[in-house]
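Everything below concerns the one structure shown next.
The numbers here are math on the coordinates, done by the rules we state, and not lab data. Every value quoted in this text rests on a predicted model; they were computed, and no experiment measured them. Using ideal geometry, Cβ is built from the backbone for each residue, glycine included, and neighbour counts are taken over all protein chains shown.
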Amino acid sequence: MLLGFGVKNYFSFKEGVEVSLKERAKDSSELQAIDILCVKGANGSGKTNLLKIISFMHHFCCDSFKLKPEDIIGVESFFEKDEPSEFYIDFTIDETQYRYELSITDTNVLRETLFRKKQRFVKIIERIDDEITLRINEFEDIDIIKLRSNASLISTAHQYEVESINPIYYFFSSIISNVTMYGRYSEKWELSSVAELYYKDKSRFSFMKELIKKCDLGIYDIKIKKRKDETNSDIFYPEFIHKTNNSHKKLLYRNQSSGTRALFTQLWIYEAILDEGGVLVLDEFDINLHPHILPLLLELFKNKKINKHNSQLIFTTHNTQIIDSLGKYKVFLVNKEDNESYGYRLDEIPGEMIRNDRPISPLYDSGKIGGVPEL
């Protein structure tokens, strides 16, 4: 599970930001990982840039080996500040806690370090420039790899089929995000591809259908059909069955509401994360969705009978009322001053302004806790 992450000198975060996904367990002094984190802030405050931190580490640790040797890495410092960007991410694998740290420019990895915690954090692998300068015996199989200045040690070791690095690689590969270095990925999945996925995967199809039926009271059933195109290839498409006056009417995808269309093309991602475990990172996850649908999506992660693998959801939204149901440990605010972003979780606000016995949204709307535009 993801426990926290942070960065310095990356996009609009000049001096840095640290995000904790831990809260104190009920009736205990122990800290436990939270399942949901809502990121709020004004337009242009840096909310999407915060999500880019996680997305970048996923792509760098999983896919950077695919870059050509002369390619840039794709990390952007604060207004092209001539200093490296510094990342960290804390996570657990099978109850063991790890920390990954990265110092990087757009052309070179300067340092890559993996720590593991038993009683305290201890270095288990370290890479300086293009040389592995430390590794414990458990990771002796990484000696076969040849490092490259624009590729992660983790991505490289995975390509060399180094088995000892697989648990670390699989943690990063379990992150799914709709954010790239350029912002929210807005290109829609091709309808036929999504319909084919549901056609072939009955579990994901049932998951999608039952949720849409709960959200769209006009839909009685959904079927996935296929036909041949002019090249004799299979084309998959959905039919939405509406019940009216004791009869059934078939309507196509284009005849559905924007909310129903959004759910149809996106719910497979939720099912994949819940089924396999991981972190789902979504910018503006509620676009085209009625506010009453949002609690239903959040409940997928809150309900341990559904979320059996402790999957996590991190999202941005302009819906304010949702923060009242989440509380101070699950809401992170991003602000900007002099074009520099900074952030804090609601429980970090001093005093007793944030209390469990009253809603948070009025305080947010009033601007008393930040995260709103100054108009």
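Tabulated results
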item: The chain - charge dipole about Cα centre, Lys and Arg +1 at Cβ, Asp and Glu -1, debye rounded to 20; result: 1800 debye
item: Sum of side-chain charges, Glu80 neighbourhood, beta-carbon under 13 Å (Lys, Arg +1; Asp, Glu -1); result: -2
item: Per DSSP, loop trypsin sites (Lys or Arg not before Pro) in the range 1-81 with at most 15 further Cβ within 10 Å; result: Lys26, Lys81
item: The range 107-241 - percent relative contact order, Cα under 8 Å, separation 6 or more; result: 13 percent
item: Radius 11 Å from Cβ of Ala272, net charge of other residues (Lys, Arg +1; Asp, Glu -1); result: -3
item: Per-pair calculated FRET efficiency, R0 = 35 Å: Leu217 and Thr92 via Cβ, rounded to 0.05; result: 0.30
item: Virtual spin-label span in nm between Ile269 and Lys146, 7 Å along Cα→Cβ; result: 3.8 nm
item: Amide proton proximity set for Leu3, modelled H, under 5 Å, gap of 5+; result: Asp90, Phe91, Thr92
item: Qualifying chymotrypsin sites (Phe, Trp or Tyr not before Pro) for the range 181-267 [loop in DSSP, other Cβ within 10 Å: at most 14]; result: Tyr182, Tyr185, Trp189
item: Cα centroid separation, the range 48-78 to the range 159-203 (Å); result: 15 Å
item: Most fluctuating residue given options Asn49, Asn150, Asn246, as computed from a GNM of the chain linking Cα atoms under 10 Å; result: Asn246
item: Helix axis angle, 47-63 relative to the chain longest principal axis, alpha carbon, degrees; result: 70 degrees
item: Label point distance in nm, Asp106-Glu210, each placed 7 Å from Cα along Cα→Cβ; result: 4.8 nm
item: Folded to 0 to 90 degrees: helix 191-200 orientation relative to the chain principal axis, Cα; result: 90 degrees
item: Loop-located trypsin sites (Lys or Arg not before Pro) in the range 278-375, at most 14 other Cβ atoms within 10 Å (DSSP); result: Lys304, Lys305, Lys308, Arg355, Lys368
item: Cβ-based net charge around Asp286, under 14 Å, with every Lys or Arg adding one and every Asp or Glu removing one; result: +1
item: Out-of-range pairs (alpha-carbon distance over 22 Å; input Lys52/Lys202; Lys117/Lys146; Lys209/Lys243; Lys14/Lys330; Lys47/Lys118; Lys40/Lys302); result: Lys52/Lys202; Lys117/Lys146; Lys14/Lys330; Lys47/Lys118
item: Degrees separating the helix 258-276 axis from the principal Cα axis of the chain, which is the longest one; result: 50 degrees
item: Lysines with Cα under 19 Å of Lys228, excluding same-chain neighbours fewer than 8 positions away; result: Lys200
item: Euclidean distance between Cα centres, the range 124-138 to the range 242-277, Å; result: 49 Å
item: Shape of the range 141-250, Cα gyration tensor, a/c cut at 1.5; result: prolate
item: GNM top mover of Ile89, Ile224, Ile54 - the chain, alpha-carbon springs below 10 Å; result: Ile224
item: Value of D in µm² per second that Stokes-Einstein yields for the chain, Kirkwood Rh from Cα pairs, at 20 °C (1.002 mPa s); result: 95 µm²/s
item: Dipole of the chain [Lys/Arg +1, Asp/Glu -1 at C-beta], most positive-end residue of Leu153, Ser366, Phe13; result: Ser366
